[in-house]
Amino acid sequence: MSEDFFRSWPLNEIQEKTERYMLNLFNRAPIAFRFGQGEFLYDTEGKRYIDFLCGIAVTSLGHGEADLVEAIRDQAERIIHSSNLFYSQEQAQLAEVLVEHSFPGKVFFTNSGTEATEAAFKLARSYGQQAREGATRIISFEGSFHGRSTAGMCLTAQEKIHSGFGPLLSDCVYLPPNDADLLEKELQDHGGNTCAIFLELIQGESGIRPMNKDFVKAARELCDEHEVLLVFDEIQTGIGRTGKLFCFENYGITPDVMTLAKGLGSGFPIGAMVVAEKFAPYLAKGQHGSTFSGGHLAALIAYETIRIIMTREILSNVNALSDFLFQRLRALAATQPMIREIRGMGLHIGVEFDRACAEIVSRCREAGLLLNCTSGNTVRIMPPLNCSLETAAKGMDIFEAVVRADDQA
Ligand SMILES: Cc1ncc(COP(=O)(O)O)c(C=O)c1O
């Protein structure tokens, strides 16, 4: 590899240009990454970090996975993009694999999670108009996060996400999660005007909060009874993160619509909406679309990602590592009362503290471990799905040392 491959601008120059030329929308830590290999990221100074963040559940096969890189190179040489004005083998094979592993249905590809939400929102409204006498209400749950587009934001039941952008889309209704009685009452009163329920099986952005099984079962039954679409947002939970390819498999409950993104493209932007066969006709030719959607390269990367996960014992690695991490975390919690709760499934883990956790996250970073903080007081731990036990143990050593030191501070 040439020397230039590793050479980079100094961090202060990158920061200066970022501030001068970019909208200031992100809270950035003072690091720029230059290189990634497996479970590790290297910054511009050459410092190595264990990556327990995966770009927020995105780079689930780690960095520079050899077969993926080779497939990307081959595909880039062959064709990167044509258009949805034509057919594409890469799209067709990806759609097949998604449907074969989920439920009988049809797929629409997007370029992000929020666009998958947007597509599902339009499908729901179109279904309401065509099949349910104009039903428009859509229910989502307090603490949810479905994206930043207008529909994504309106389905996200968090005031801080809406603030400053009103008026919001009408008929988006928010209920407390895990309350089947309230959901039943809402549908008894307004079922005739309700077209869909959007649900994250584990709320990621509000602290890794799994829905309880009885509630999800009740939601399924109520949706069937009232002919309401049940949409599972698997944008963060999907593609192996929870130990199954899709989180709904852990619940034994199948949705009518599923949205995906994040881990689907191993870092390349691609999302998808999978719609059960029966509801697929409610988005028809010309009603929705996208220039980039499911481009050859994007679709090939997502296909390879799923192929690698399904052919290499990666889900069993997720489950074994998950047991290991939960055990270590529970042992830590037993000695650290500042840890309130450990939640999650597979390698989608939240550790709730009795205080803000930004300081713990930045101390871990200084010590060479990348994590993040969700909803103020919950550390989110998301190693690559193919992380080795050795690296997971090293990451936990750093986390434990930082938590113990914080307790003594
Ligand atoms: C559950 C969920 N839905 C939707 C989104 C939005 O995805 P994107 O940021 O790709 O638009 C996210 C992103 O964090 C998410 O976690």
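The values are calculated or read from the model by the stated rules, or taken from the named source; none is laboratory data. Only a predicted model underlies this, so the values are computations on that prediction, with no experimental measurement involved. Virtual Cβ from ideal backbone geometry, glycine too; neighbours counted across all protein chains shown.
Name the residue, out of G368, G346, that is touching a Phe, Trp or Tyr at 6+ places or on another chain (Cβ under 7 Å) and not assigned by TED's automatic domain parsing to the domain that holds G267.
None of the other options fit; the residue is G368.
Give segment 223-255 a look and list any residue that's over 21 Å from L61 (Cβ atoms) and of a type in the set (V, I, T), or say none.
Those that are over 21 Å from L61 (Cβ atoms) and of a type in the set (V, I, T): V228, V231, I253, T254.
Given the residues E13, E19, which is the only one that is out of contact with any helix residue (DSSP H, G or I) (no Cβ under 9 Å at 6 or more places or on another chain), more than 17 Å from G265 (Cα to Cα), free of Cβ contacts under 8 Å to residues at least 24 places away in the same chain and surrounded by 12 or more Cβ atoms within 10 Å (Cβ to Cβ)?
Residue meeting the stated conditions: E13.
Please work out which residue is farthest from K285 (Cα to Cα), limiting yourself to segment 94-105 and to residues that are of a type outside the set (V, I, T) and either within 16 Å of the ligand (Cβ to nearest atom) or surrounded by fewer than 24 Cβ atoms within 10 Å (Cβ to Cβ) (or both).
Looking at the filtered set, the residue picked out is H101.
Report yes if F108 is within 16 Å of the ligand (Cβ to nearest atom) and assigned to a loop (DSSP other than H, G, I, E, B), otherwise no.
No.
Report yes if some residue within segment 319-326 is over 30 Å from Q75 (Cα atoms), touching a Ser or Thr at 6+ places or on another chain (Cβ under 9 Å), away from the ligand (no atom under 15 Å from the Cβ) and aromatic (F, W, Y); otherwise report no.
no
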